[in-house]
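> Below: one structure in structure tokens.
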Amino acid sequence: MAKMVKKSPTPLYFAAAVWLVWGLCLPLYRLSDYLLAAGASLLAGVVGKALFPDKTYETPEAPKEAEPRKPETTGDPELDALIAERDKAMREMRRLNDSIPGEKISAQIDHLEEMTRKIISHVVSHPEKLPQIRKFMNYYLPTTLKLLNAYDRMGEAGVEGENIAGTKGRIDAMMDTIVSAFDKQMDALFADEALDIATDITVMENLLKQEGLSNEKPFTANG
């Protein structure tokens with residue numbers, strides 16, 4: 001809440017009244033007359049302020065405008081361009097999802113949007129993996145958006161002719177494959193980590209066996 005002070009005009013009225021009464025009833029010929037009138041006027045103003053003080057009101061503060069969201073930047077032009085492409089693709093998927101009816105395809109577009117965010121965000125955090133998503137960025141992602149846009153336009157046509165129905169049917173059938181491809185692209189980004197972990201596990205297992213610390217029972221001739 002913001003405080004606002006409303007000044008009372010009454011002290012001014014008191015001071016002015018002194019001059020009016022003085023001018024009507026008392027002489028104003030000499031300098032001393034004016035000084036006495038000024039003193040009386042000042043005193044009347046003080047009394048008026050004491051009797052009718054300024055009023056303070058509390059008013060709700062105006063809501064602050066939300067600051068525009070600053071675009072995410074890394075300082076690397078190539079990665080910044082990748083982030084911009086990610087955000088643009090996600091906005092377009094969101095728009096298409098709002099426009100295209102159907103629970104199944106809506107869920108599929110939601111999944112594609114989430115995978116797009118995860119794939120590109122992972123590469124932004126691990127720039128060395130950028131070559132692994134070149135084809136994804138240059139073909140799979142834009143082609144997916146192209147197919148969904150065509151599906152959206154044909155749905156808005158309001159006609160279920162042979163060409164429209166056939167094309168929409170093919171896109172519907174293709175969506176499961178596209179979703180699977182996006183999932184596999186995300187999984188492929190962890191191939192190196194998976195190999196490193198598998199190697200670490202194998203080395204540790206062998207060391208534990210050599211030191212007799214493994215839970216596996218030692219092999220005997222009797223089994």
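The values are calculated or read from the model by the stated rules, or taken from the named source; none is laboratory data. Nothing here was measured: the structure is a model prediction, and the numbers come from that model. With ideal geometry, Cβ positions are generated from the backbone for all residues, glycine too; neighbour counts draw on all protein chains shown.
> Failed condition for A173, given (1) part of a helix (DSSP H, G or I); (2) at pLDDT below 90, with all others met?
(2)
> For the condition surrounded by 10 or more Cβ atoms within 10 Å (Cβ to Cβ), under 26 Å from R95 (Cβ atoms) and touching a Lys or Arg at 6+ places or on another chain (Cβ under 8 Å), what is the one hit in M137, M174, M186?
M186
> Ok, one more. Inspect all residues belonging to segment 201-212 and state whether any of them is part of a loop (DSSP other than H, G, I, E, B), farther than 30 Å from K146 by Cβ and modelled with pLDDT under 85.
yes
> With the requirement that a residue be more than 20 Å from R95 (Cβ to Cβ) and either in a helix (DSSP H, G or I) or in contact (Cβ under 8 Å) with a residue 24 or more places away in the chain (or both), what does segment 140-166 give you?
If the condition is that a residue be more than 20 Å from R95 (Cβ to Cβ) and either in a helix (DSSP H, G or I) or in contact (Cβ under 8 Å) with a residue 24 or more places away in the chain (or both), then E162, N163, I164, A165, G166 are the ones that fit.
> Does R134 satisfy the condition of being of a type in the set (K, R) and either more than 23 Å from T177 (Cβ to Cβ) or touching a residue at least 12 places away in the same chain (Cβ under 8 Å) (or both)?
no
> On the given criteria, is I119 in contact with a Lys or Arg (Cβ under 9 Å, 6 or more places away or on another chain) and under 30 Å from G75 (Cβ atoms)?
yes
> Does P71 count as at pLDDT below 95, more than 22 Å from T177 (Cβ to Cβ), outside the structural domain of F182 (by TED's automatic domain parsing) and of a type outside the set (S, T, Y)?
Yes; evaluated as a whole, the condition is true for this residue.
> If M115 satisfies all but one of (1) closer than 23 Å to R95 by Cβ; (2) among the hydrophobic types (A, V, I, L, M, F, W, C); (3) modelled with pLDDT under 95, what's the number of the condition it fails?
(3)
> Looking at segment 108-125, I want the residues that are in contact (Cβ under 8 Å) with a residue 12 or more places away in the chain and have a partner that is part of a helix (DSSP H, G or I) and polar (S, T, N, Q) with Cβ atoms under 8 Å, at least 6 apart or on another chain. Which pairs are those?
I109/N97; D110/N97; L112/T144; E113/N97; M115/Q185; I119/Q185; V123/Q132
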